[in-house]
Amino acid sequence: MKELPISSGEIAMAMEDAHGENEYYLDCDTGQLVLVPSDLTGLESLDDDEVQESVCDLPEWEKELVSEVLAIYRSEERRYLAVAPMGSHEAYDDMCEFAHTVEDRRLRELLFVALDGRGAFGRFKRGLADWPVERERWFAYKDERMEARIRRWLRQHGIEAADG
């Protein structure tokens, strides 16, 4: 298993990108997370002449970014690993499982009602607003679940996060 210095916080941010407009890649040589902004995600479909034409008027720093993005898309040695956004069903499952751990019957029932139907994420968040201890416990629970998800994903790709 390959060991890399990886920021779990950055990977979590990439997985939680709610709109999925940007793309994120883990550089399997360095452990760094690379962001491909949404306005550059179509570059892989362009040939070299089209790329040159599209970047001719860009400032130098943007040209460098385009070169980096093209390297990601055209890499054949699997140096870059796409970070898939976490599905909303996984986040919803985390909320449901957390609700089962709530000891206060009133709050537990409130959370289960909040989780029913459209708008569940906002209602769940508002349901915890008046319960600061449980709200903090939710954040810790959510972070723990995300950390486990990230480590599992890394292991599936033969990578282990280096401690430190």
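The values are calculated or read from the model by the stated rules, or taken from the named source; none is laboratory data. Fair warning: this is a prediction, and the values are worked out from it, not measured in the lab. In this analysis, Cβ positions are derived from the backbone assuming ideal geometry, glycine residues included, and neighbour counts consider all displayed protein chains.
Key figures
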read-out: Hits in region 104-163 (condition: under 30 Å from MET1 (Cβ atoms), part of a loop (DSSP other than H, G, I, E, B) and of a type in the set (A, V, I, L, M)); value: ALA162
read-out: ALA91 being in a helix (DSSP H, G or I) and under 29 Å from GLN32 (Cβ atoms); value: yes
read-out: Number of the exception - SER75 against (1) among the polar types (S, T, N, Q); (2) without any contact (Cβ under 8 Å) to a residue 24 or more places away in the chain; (3) outside the structural domain of ASP39 (by TED's automatic domain parsing); value: (3)
read-out: Single condition ILE150 does not satisfy, out of (1) touching a Ser or Thr at 6+ places or on another chain (Cβ under 7 Å); (2) farther than 20 Å from ASP93 by Cβ; value: (2)
read-out: Scan of region 17-49 for residues that are modelled with pLDDT of 75 or more and loosely packed, with under 13 Cβ neighbours inside 10 Å, ordered by number; value: GLU21, ASP29, THR30, PRO37
read-out: Where PRO85 falls short, out of the listed (1) in a helix (DSSP H, G or I); (2) modelled with pLDDT under 90; (3) surrounded by 14 or more Cβ atoms within 10 Å (Cβ to Cβ); value: (1)
